[in-house]
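The values are calculated or read from the model by the stated rules, or taken from the named source; none is laboratory data. Note that this is a predicted model, so its numbers are computed, not measured. Backbone-built Cβ (ideal geometry, glycine too); neighbour counts: all protein chains shown.
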């Protein structure tokens, strides 16, 4: 918005009557109808101090928070969870046309003259009371399999990473829509006003991994107010940029500066009515409160040794997936509604058999530890934990197929 145009509009008669008419019309409408007719009956209040847009929910919710472990770059479902023993009979046979059915393929395989079927080279076994088949690559996750719900019916039309990951994060392959966490923040807010309702942890690449790009729009707010976008915590230095006061600035001085800034912003809002001004004020206040809450969050020195051991040796290295899984639990304890932990590097292609062996070393133990940790604290019953990526792999090989 152009500040000069805003100022000009604010002093015109047309602007005044336009604003007045909208306000009077809304008041008149509200006085003549029953507000309850505008929505279905609700049974479960969101609760006090949640600061969401919904005053109540239609169905009493069981989950109070979400932790989404996002395996960016597409983990191979055929080598992890999706047991397909019958595929061994089709090894090196051409993919039947009835399966492909004329669908387009990616540029990386468009030059191939044939598409030989490539079953998994890894062994599967049944685990837990459910008897679910889990790959030998995931021994720790196999140990908590009865706490999992493995969904095999999910599908997507996207064949490339960027539109696929945009779709699963926002519901649209076209960028610009609000992310899932932003919708949750907008709808029901958060009981903790000292931390963002939506946080993002991008884990460091595991050794030898390559990755597609991750864009901040994947945790953006789209057309929702910007205060609902995900706040990405950094793995080194200040978890949030400029979180610490610069030399010579003490908390009292910072508080006085923010009070003065808020007064100017509120005056500006009264003049032009731009809702982004109020969002800016709220973000400044959140940043001030985070100067105390975030250092406490990332200090894992008081965690018991048996808990740290459960997450594995990488848990003491900030930025690793293990460290971020532990932070996700600590964020959940503090009332953060939506935490997303990214682990990149699953884009294996022709190097899949060797590369996936390395990446599961970073993913398996911390993922299972998070489940165990939440369960032992009584939090798993009301925490929705999601594990997955933007798509899996095809059943045929890229390049030459060998045993």
**Report entry** Test: residue in segment 107-120 that is touching a strand residue (DSSP E or B) at 6+ places or on another chain (Cβ under 8 Å), under 28 Å from residue 341 (Cα atoms) and either at pLDDT 95 or above or part of a loop (DSSP other than H, G, I, E, B) (or both)
**Finding:** yes
Query raised in the report: Being in contact with a strand residue (DSSP E or B) (Cβ under 7 Å, 6 or more places away or on another chain), modelled with pLDDT under 85 and surrounded by 18 or more Cβ atoms within 10 Å (Cβ to Cβ), is that true of even one residue in segment 220-239?
Result: yes
Query raised in the report: Is it the case that segment 168-176 has a residue that's assigned to a loop (DSSP other than H, G, I, E, B), touching a residue at least 40 places away in the same chain (Cβ under 8 Å) and more than 30 Å from residue 59 (Cα to Cα)?
Result: yes
Report summary line: Checking 281, 277 in turn, the sole residue that is surrounded by 11 or more Cβ atoms within 10 Å (Cβ to Cβ), assigned to a helix (DSSP H, G or I), modelled with pLDDT of 80 or more and touching a helix residue (DSSP H, G or I) at 6+ places or on another chain (Cβ under 7 Å) turns out to be 277
Requested in this report: Would you please name the residue that is nearest to residue 71 (Cα to Cα), looking only at residues in segment 144-155 that are touching a strand residue (DSSP E or B) at 6+ places or on another chain (Cβ under 8 Å) and crowded, with 17+ Cβ neighbours inside 10 Å?
Outcome: 148
Query raised in the report: Within segment 369-382, is even one residue under 18 Å from the mean Cα position of the chain (by Cα) and part of a loop (DSSP other than H, G, I, E, B)?
Result: no
Report summary line: (1) in contact with a helix residue (DSSP H, G or I) (Cβ under 8 Å, 6 or more places away or on another chain); (2) not in a loop (DSSP other than H, G, I, E, B) all hold for residue 163 apart from (1)
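State whether one or more residues within segment 32-40 are surrounded by 15 or more Cβ atoms within 10 Å (Cβ to Cβ), modelled with pLDDT under 90 and either on the phi < 0 side of the Ramachandran plot or not in a loop (DSSP other than H, G, I, E, B) (or both).
At the first step, the residues of segment 32-40 found to be surrounded by 15 or more Cβ atoms within 10 Å (Cβ to Cβ) are none.
Scanning segment 32-40, I find no residue that is surrounded by 15 or more Cβ atoms within 10 Å (Cβ to Cβ), modelled with pLDDT under 90 and either on the phi < 0 side of the Ramachandran plot or not in a loop (DSSP other than H, G, I, E, B) (or both), so the answer is no.
Say we look at segment 52-93 and pick out the residues that are loosely packed, with under 12 Cβ neighbours inside 10 Å and closer than 28 Å to residue 354 by Cβ; which of these is nearest to the chain's Cα centre (by Cα)? Spell out the reasoning first.
To start, the set of residues in segment 52-93 that are loosely packed, with under 12 Cβ neighbours inside 10 Å comprises 55, 59-60, 62-63, 85-86, 88-89.
When the remaining residues are screened for being closer than 28 Å to residue 354 by Cβ, the result is 85-86, 88-89.
Details: 85: 33, 86: 35, 88: 36, 89: 39 Å.
This residue is 85.
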Query raised in the report: Somewhere in segment 371-380, is a residue in contact with a strand residue (DSSP E or B) (Cβ under 6 Å, 6 or more places away or on another chain) and surrounded by fewer than 23 Cβ atoms within 10 Å (Cβ to Cβ)?
Result: yes
Query raised in the report: If residue 158 satisfies every condition in (1) assigned to a helix (DSSP H, G or I); (2) surrounded by 15 or more Cβ atoms within 10 Å (Cβ to Cβ); (3) modelled with pLDDT under 95 but one, which is the exception?
Result: (1)
Report summary line: The residue that is nearest to the chain's Cα centre (by Cα), considering only those in segment 263-286 that are touching a residue at least 40 places away in the same chain (Cβ under 8 Å) and more than 26 Å from residue 245 (Cβ to Cβ), is 275
